[in-house]
């Protein structure tokens, strides 16, 4: 077996960092929801409908795009995502009605889905080819730090751009997405198969021999990743208890994150923060999240998956009680929510990647994203409607208490975490391949 060189993993890591910058949303984030409120006159229920449409569309798009990511070149799937993101940003200030925005967000969801599972699968495979798969959490966390650092700068700039014109932040974000297209066009192409995933010598050779990589990049797969294999891989989400209960537990906090995240801007306005100040505040959000993401590998090594996820119960429990006491608790909750997400996501995906075979990696990760987005979409619709009726702060406080109570209940009846991070998920064997 040929030992990988230091140059190959470094090149792969820097390419992934650059890709993550190209899909950042720093210009868009500080003004997107408040634009719908102030310029389009949307109520919180309308915003919940629009954002819920995004989540539902993600549910419908996740499995097809994950399957495409497993069958075709990962960079080409990511290229489609960047193209859709650029189109979405350019069209944001053109459409007018809630239904039109819902359709636009559904289109954006397809672009998001093209990268939700595929991007992490691409990184894991790039590192695995160089013999650095164990570095996934660390590299993924640092990539998030790079992305969030860039978003901090662009978020601050968005606060200035919006004073010159509402369309400028969205057009600037479209340009960022466009700049990622040449990067993905020149990225090494790959086609994962069950046979290739188990041939470690061939993987190592391709990682260290550019000629071997180029020669095999466009070659037809000898055993293509079929629809049947994709469906068998997805059974791991149900059959394996170390995946099933983990996704259920992680999903509770993912729902809470999504709901709090969507209603940040109305919440900030409700405590008296002007729109012009959103840019600097979101820049601070990004810096905190970036610093938190850089610790993801350290936290996983020191605390482990089980303790890290268990600590979310008291953290969100205290935050929900504080919010019930005073609306001013919204601001620290928003900071904590973003920092926690930056730490938790790479830990979650490392846990799943360690249990998934290469041939079905993007399909299963997309399946997990589908579950999380379905739950989040339903919650956004419900919270938006309730917030218009009884107020945003009471609904967020009650939702936090409900999530924490559900997590405690799940912990009391089962263990959502596997005992060994070295376990691998094998796609279930078809008892009769001739069917």
Would you calculate the separation in nanometres between label points at residue 378 and residue 322, each defined as 7 Å from the Cα along the Cα-to-beta-carbon direction? 3.0 nm
Output ordering of 243-256, 382-395 (per-residue mean of other Cβ within 10 Å, highest first) is 243-256, 382-395
I want to check the label-to-label distance for residue 60 and residue 179. Put each point 7 Å from Cα in the C-beta direction and report it in nm to one decimal. 3.4 nm
In terms of the alpha carbon gyration tensor, root eigenvalues a ≥ b ≥ c, rounded if a/c is under 1.5 and otherwise prolate when a/b exceeds b/c or oblate, region 44-173 is oblate
For a protection proxy built on the mean count of beta-carbon atoms within 10 angstrom, sort 167-175, 119-127, 259-267, 39-47 highest first, please. 119-127, 259-267, 167-175, 39-47
Determine which residues of region 248-285 fall in the zone a paramagnetic label at residue 413 would reach in this model, i.e. backbone nitrogen under 14 Å from the point 7 Å along Cα→Cβ. 248-249
For a protection proxy built on the mean count of beta-carbon atoms within 10 angstrom, sort 150-158, 373-381, 402-410 highest first, please. 150-158, 373-381, 402-410
Taking the simple approach of a point 7 Å from Cα along Cα-to-Cβ for both residue 103 and residue 163, what is their distance in nm? 3.7 nm
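No lab work stands behind these numbers, since they all come straight from the coordinates. Remember, predicted model here, so these are calculated numbers, not experimental data. Because the Cβ atoms are built from the backbone with ideal geometry, glycine has one as well, and the counts that use them run over all protein chains shown.
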